[in-house]
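Structure record follows, encoded as structure tokens.
The values are calculated or read from the model by the stated rules, or taken from the named source; none is laboratory data. Fair warning: this is a prediction, and the values are worked out from it, not measured in the lab. Cβ atoms come from the backbone with ideal geometry, glycine included; neighbour counts cover every protein chain shown.
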Amino acid sequence: MVTSHASIHHPSSSEASHREMSLIGEILDRGGIITGHQTTSKKRLLEQIADLFAEQLPAINAGKIFTTLIERENLGSTGIGNGIALPHGRIAGLDKVVGFFLRLQTALDFDAIDHLPVNMVFAILVPEDATEEHLKLLASLARLFRDEDTRQLLLETTDSSVIRNIFNTSTDINHQN
């Protein structure tokens, strides 16, 4: 498994609030990018994601994160189709959105809406009261992942800085449409 975490960059709040395109990169800066991730099941993947988040968020327990992710998943699969899953949840005590992009070594059954296995996962946690930001982010990611060229680029590279750049560039393009 190749694991790489993007460098941490803290832009000014005005920069962050005016540029949606930088939001995805900032979210990944607070989480990470992992290629070649190995797992055995959807439940195990969610446990691993909870552990990854807990490493970045020491004040928040991995069990609480897992419970949040699994409760959301029980409402309906976050597998949005085209090999993509967007597990997400709102967490009390969190002050900023945090995300991980994982590209799986082997595609995994995720009960996706198109019944196809998932090979890319963008997991996000948002502050408990960030309902509007949460919905906008999910919509932005869904638009990004609808683009076949973007999905292909994300599948072809293992360089985390290139992956981060793909998210920023693609989000900027999708935001303009």
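Observations on the model:
- Just one of (1) within 21 Å of residue 74 (Cβ to Cβ); (2) not hydroxyl-bearing (Ser, Thr, Tyr); (3) not in a helix (DSSP H, G or I) fails for residue 138. It is (3).
- Once region 56-67 is narrowed to residues that are more than 15 Å from the chain's Cα centre (by Cα) and assigned to a helix (DSSP H, G or I), the residue that is nearest to residue 99 (Cα to Cα) is 62.
- A Cβ distance below 8 Å, combined with a sequence gap of six or more or placement on separate chains, defines the contacts here; from region 137-148, residues that are farther than 13 Å from residue 25 by Cα reach residues that are surrounded by 15 or more Cβ atoms within 10 Å (Cβ to Cβ) and basic (Lys, Arg) in the pairs 145/151.
- Residue within region 43-55 that is among the hydrophobic types (A, V, I, L, M, F, W, C), part of a strand (DSSP E or B) and at pLDDT 95 or above present: no
- The single condition from (1) at pLDDT 90 or above; (2) surrounded by 14 or more Cβ atoms within 10 Å (Cβ to Cβ) that residue 129 fails is (2).
- Residue count for region 87-109, restricted to those that are under 20 Å from residue 158 (Cα atoms) and within 15 Å of the chain's Cα centre (by Cα): 6.
- Some residue of region 84-91 being in contact (Cβ under 8 Å) with a residue 12 or more places away in the chain, outside any strand (DSSP E or B) and among the aliphatic types (A, V, I, L, M): yes
- Conditions (1) modelled with pLDDT of 95 or more; (2) over 13 Å from residue 27 (Cβ atoms); (3) surrounded by 15 or more Cβ atoms within 10 Å (Cβ to Cβ): number failed by residue 123: (2)
- For residue 87, the conditions (1) touching a helix residue (DSSP H, G or I) at 6+ places or on another chain (Cβ under 7 Å); (2) surrounded by fewer than 23 Cβ atoms within 10 Å (Cβ to Cβ) all hold with the exception of (2).
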